[in-house]
Amino acid sequence: MKTNNLNRIAKTIFIIGILSIIIYIIIKSQYESKKRADNPQYTIGLIINVRARAKLSVALEYSFKVNYEGYKSIRGIEKYNTKLIGKRFYVKFESGNPDNCEILLDKPVPDSIKEAPPEGWAKIPK
């Protein structure tokens, strides 16, 4: 009887822990997204790798520079596509915090733009 209650308590604590982690991740993601939206800067990102993670997960790794300092980040994507390696897309980041970034896969950088200013742009150039 006591073992049954302990198992039930352990399962409840485990479920609460998992739910807490999920809620934290969601809130953090929304917070970071809002910070990027409130204070955006843009630069050029280069996709350097596409790799399979877990069973159904694919991530692309990209790099970019802000104020001459290099940064790397990853983003999950739906399909494994090595044709993306070497492609350039705009990266939106929070001004003053380039670690808070996202690559904009719907915004490829035209060949006519060779590089971004060190601090990035306030808006995506036309």
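Read the figures in this text as sums done on the coordinates, not as results from a lab. No experiment lies behind these values; they were computed from the predicted model shown. Glycine also receives a Cβ, built like all others from the backbone with ideal geometry; neighbour counts cover every protein chain displayed.
Among the conditions (1) surrounded by 10 or more Cβ atoms within 10 Å (Cβ to Cβ); (2) closer than 30 Å to residue 124 by Cα; (3) not hydrophobic (A, V, I, L, M, F, W, C), residue 24 misses just one, which is (2).
Considering only residues in the range 83-113 that are outside any strand (DSSP E or B) and touching a residue at least 60 places away in the same chain (Cβ under 8 Å), the one that is farthest from residue 72 (Cα to Cα) turns out to be 113.
Candidates are the residues of the range 77-121 that are exposed (fewer than 12 other Cβ atoms within 10 Å of the Cβ) and among the small types (Gly, Ala, Ser); the one that is farthest from the chain's Cα centre (by Cα) is 112.
Out of everything in the range 42-74 that is part of a strand (DSSP E or B), among the basic types (Lys, Arg) and free of Cβ contacts under 8 Å to residues at least 40 places away in the same chain, what residue ends up being nearest to residue 117 (Cα to Cα)? For the range 42-74, the residue satisfying everything is 72. Among the criteria (1) under 30 Å from residue 114 (Cα atoms); (2) surrounded by fewer than 13 Cβ atoms within 10 Å (Cβ to Cβ); (3) touching a Gly at 6+ places or on another chain (Cβ under 9 Å), the one residue 34 does not fulfil is (3).
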